[in-house]
Amino acid sequence: MHSLISRSRPSAPPLSLLLVLPASIALFAADTGAERGELLNPWEIHHEIRVDPAVAPAVKATFLSFLEYQDLVLFHPTLGYYSSGRVSFTNDYRTFPDALSPYFGQMIAQHIFDMWDGMRAAGTLGPNDRFTIAEFGAGDGNMATTILDYIEKRAHDAAAGGDSGRWLAFWNQLVYACYDRSPALSALQRQHNARFGTRFDAREGDATDPTASIPEGSLKGVVLSNELPDAFSVHKVVISPTGSAEVGYVVPALPRSGWSKLEKDMPAALQERLKAEDESIQTKIFGRKRESGTTYLSRAGFTALLEALSPLKDYAEKLEAIEFHEIYVPIETEPELAEHLRKYTPQYAYELARGNKAFVAYINLGEGRFIQGAGKILKSGYVITIDYGENWDGVTPLQYDHLRTYGPGSRQERSDPYHTPTLNDITTDVNFSHVVEEGRAAGLRPVFFGPQHTLITGTPIAIETPPADRDVGSLDDYNGWVQNFYTWDVFKILIEQKENTDPAYAFPDNRGEPLTVTVDDLSKQQQVAEREIEQRLRERLAANTR
């Protein structure tokens, strides 16, 4: 297996520092426990409740894991921030395809044309084959619009004799398909791109399982995403140099004051249900009455309460009545997560040795499933992943927060994922090293990884000239985004090629960044610590599988 951790120093430029984007959060005290030790980022733990590890199965059966919580508040069919259609792509947050429209999409279109051209020359795409751009997590469909507009215009120019005809051939082979979990967003994508007729389609699909929407080996073309994996639901994990590893579960609760605030909004049957579930929780998990007057909510009880409150006009205010705690139990409670830690033990040991403290990490298993699925559906072609994140060196909490919230209920300092749930987006940095390693198993090899601004290389696009449709009052905003495009190096582009696609293709920029980390960057003392921590992690994980 290809290793992501190198024992020799790579000849690559130094990693850029992660950018702190506008975010919001509240600080909470954390009871870290003796074995865990001091945390690098203690603010990430929210009102922790310590329990006996023996009740871990009951915790898992009763409460939402952090991953399940994030999935609920973002994608619940009627409540979710995305699936409800509540998301605003202009007021809650903005992305480069919107802020630099239409230029951002035009840059991508130019690179995809080069990929198509190379595949035609290599013979891996025949003249009668369909070339598909499959965009996952397409939002409102604006990027699809700008890409199709550009290709269509170039095709018309070619038809008028201004080109050799390759753009026209590209247009005639092209189908652009958007895949999204949200029916509301799929409808919006169809509305925005209806004029392209059969050249465009919007379909429902889960990016963490592309093979459920597209048969394996059936697609020739490009799998495209912009700021998608950062929105996948993640596990929240505490990893320690002692070898301990714990996974977090979310414990919603109604204190006495919160119950009083919501009582009139809860049907009698729901009130009785929540009281009965609280009694069971207090007995089976806590072993005693923790707090008089506090009602703890199970997975089902929390969901039912949100469903009861959501029709209310003052829904956001009502959500303030719910408080949130966290419980951490041994990582083996989530077998897939434990297997991930076993696979990448050297990388986590490296990060622990760097900081010499335990830390809270957000582990995105969905990004691995997405890239493997993307590789499986491709017969030949490319995967273009644009997002914010780093390699292993950049995605651990040594200097910056790695979880952010955006939306009307978000705050301005440290992001709090529990503040007005269902009203905000929750995102985490992408670990591109992990993405690449998982993609190899599906026949993908990295062609280029580097800053997003390299997209402009090899294209005729000039973003310094504002688009004609921008009014004078918005030019400062536009120019600010142009500057961000060139300076926000936390935004990356990863291009991967399906095996046997095109031996001659190369991305037209040489400012790539490393995807490996090296223990040579550690001091001698840290290198010794890295080996010891790796051994402790392996022993702990092995002991808990026997």
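The values are calculated or read from the model by the stated rules, or taken from the named source; none is laboratory data. Just so we're clear, the structure is a prediction, and the values are computed from it rather than from any experiment. Cβ sites come from the backbone with ideal geometry, for glycine too, and all protein chains shown count toward neighbours.
Can ASP509 be described as closer than 21 Å to ALA374 by Cβ, out of contact with any Asp or Glu (no Cβ under 7 Å at 6 or more places or on another chain) and not in a helix (DSSP H, G or I)?
no
I'd like to know if the range 219-231 contains one or more residues that are of a type in the set (Val, Ile, Thr), under 20 Å from the mean Cα position of the chain (by Cα), part of a strand (DSSP E or B) and assigned by TED's automatic domain parsing to the domain that holds ALA58.
No, the range 219-231 contains no residue that is of a type in the set (Val, Ile, Thr), under 20 Å from the mean Cα position of the chain (by Cα), part of a strand (DSSP E or B) and assigned by TED's automatic domain parsing to the domain that holds ALA58.
How many of the residues making up the range 153-167 are surrounded by fewer than 18 Cβ atoms within 10 Å (Cβ to Cβ) and assigned to a helix (DSSP H, G or I)?
Residues that pass the stated criteria total 8.
So which of SER474, SER415 is out of contact with any strand residue (DSSP E or B) (no Cβ under 8 Å at 6 or more places or on another chain) and of a type outside the set (Val, Ile, Thr)?
On inspection, the qualifying residue turns out to be SER474.
Any chance you could count how many residues in the range 89-139 are among the charged types (D, E, K, R), closer than 26 Å to ILE463 by Cβ and not in a strand (DSSP E or B)?
5
Only residues that are at pLDDT 95 or above, buried (at least 18 other Cβ atoms within 10 Å of the Cβ), touching a Lys or Arg at 6+ places or on another chain (Cβ under 6 Å) and in a helix (DSSP H, G or I): list them for the range 58-88, please.
Residue satisfying the conditions is PHE66 alone.
Within the bounds of the range 189-209, is there any residue that is hydrophobic (A, V, I, L, M, F, W, C) and in a loop (DSSP other than H, G, I, E, B)?
yes
Which members of the range 328-344 meet the condition of being buried (at least 20 other Cβ atoms within 10 Å of the Cβ) and among the β-branched types (Val, Ile, Thr)?
VAL329, ILE331 - these are the residues of the range 328-344 that are buried (at least 20 other Cβ atoms within 10 Å of the Cβ) and among the β-branched types (Val, Ile, Thr).
Being surrounded by fewer than 16 Cβ atoms within 10 Å (Cβ to Cβ) and under 16 Å from PRO252 (Cβ atoms) is the filter here, so list the residues in the range 287-307 that pass it.
Within the range 287-307, ARG290, GLU291, GLY293, ALA300, GLU307 qualify.
Given the criterion at positive phi and out of contact with any His (no Cβ under 7 Å at 6 or more places or on another chain), identify the matching residue among ASN479, ASN500.
The match here is ASN500.
State whether one or more residues within the range 349-357 are in a loop (DSSP other than H, G, I, E, B), within 26 Å of the chain's Cα centre (by Cα) and at pLDDT below 95.
Yes, the range 349-357 contains a residue that is in a loop (DSSP other than H, G, I, E, B), within 26 Å of the chain's Cα centre (by Cα) and at pLDDT below 95.
Looking only at the range 119-161, count how many residues are out of contact with any Leu (no Cβ under 7 Å at 6 or more places or on another chain) and on the phi < 0 side of the Ramachandran plot.
Counting residues in the range 119-161 that are out of contact with any Leu (no Cβ under 7 Å at 6 or more places or on another chain) and on the phi < 0 side of the Ramachandran plot gives 26.
A quick yes/no check of all residues on (1) out of contact with any strand residue (DSSP E or B) (no Cβ under 6 Å at 6 or more places or on another chain); (2) in contact (Cβ under 8 Å) with a residue 40 or more places away in the chain; (3) within 18 Å of VAL383 (Cα to Cα):
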residue	(1), (2), (3)
PHE104	yes, yes, yes
GLN110	yes, yes, yes
ILE147	yes, yes, yes
ALA155	yes, no, no
TYR176	no, yes, yes
LEU188	yes, yes, no
PRO210	yes, yes, yes
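Scan (1) surrounded by fewer than 20 Cβ atoms within 10 Å (Cβ to Cβ); (2) in the same structural domain as LEU403 (by TED's automatic domain parsing); (3) more than 19 Å from HIS434 (Cα to Cα) for the single condition PHE485 breaks and write down its number.
The number of the failed condition is (1).
Mind telling me which of the residues PRO421, PRO508, PRO446 ends up being in contact (Cβ under 8 Å) with a residue 12 or more places away in the chain, crowded, with 23+ Cβ neighbours inside 10 Å and out of contact with any Cys (no Cβ under 9 Å at 6 or more places or on another chain)?
Going through PRO421, PRO508, PRO446 in turn, the sole match is PRO421.
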